[in-house]
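Each remark here refers to the structure printed beneath this line.
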Amino acid sequence: MLERVSPTLAKPVRVASFWTAIVLPFLYVPLLATGLSDSAETLTFLGLLALNLLALYVGHSYRR
């Protein structure tokens with residue numbers, strides 16, 4: 001679908017999504033190390049997790 005919407009941006013978006021999906025879990029470490037003690041930390045963790053899932057979905061076909 002990405003190729004149909006914007007063929008010139010498809011590859012850069014896939015590359016960025018692929019590498020974002022790789023790097024993003026490193027941001028979980030400080031949150032999980034200190035514990036998810038309040039709702040702001042929990043929402044931040046869930047937001048990062050959702051962003052990581054989106055990046056995995058968009059970048060999964062990079063280098064195919």
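The number of residues in the stretch 43-64 that are open to solvent by less than 50 Å² (accessible area, probe 1.4 Å) and of a type outside the set (Phe, Trp, Tyr) comes to 7. Of all the numbered requirements in (1) touching a Gly at 6+ places or on another chain (Cβ under 6 Å); (2) exposed (fewer than 12 other Cβ atoms within 10 Å of the Cβ); (3) among the hydrophobic types (A, V, I, L, M, F, W, C), residue 21 misses one, and that requirement is (2).
Using the structure shown, decide if residue 32 is under 30 Å from residue 3 (Cβ atoms), open to solvent by 70 Å² or more (accessible area, probe 1.4 Å) and out of contact with any Asp or Glu (no Cβ under 9 Å at 6 or more places or on another chain). It is false that residue 32 is under 30 Å from residue 3 (Cβ atoms), open to solvent by 70 Å² or more (accessible area, probe 1.4 Å) and out of contact with any Asp or Glu (no Cβ under 9 Å at 6 or more places or on another chain).
The values are calculated or read from the model by the stated rules, or taken from the named source; none is laboratory data. What you see is a predicted model; the values in this text were computed from it and never measured. Because the Cβ atoms are built from the backbone with ideal geometry, glycine has one as well, and the counts that use them run over all protein chains shown. Side chains included, ligands, DNA and RNA excluded: accessible areas come from the protein's heavy atoms. Shrake-Rupley method; radii C 1.70, N 1.55, O 1.52, S 1.80 Å.
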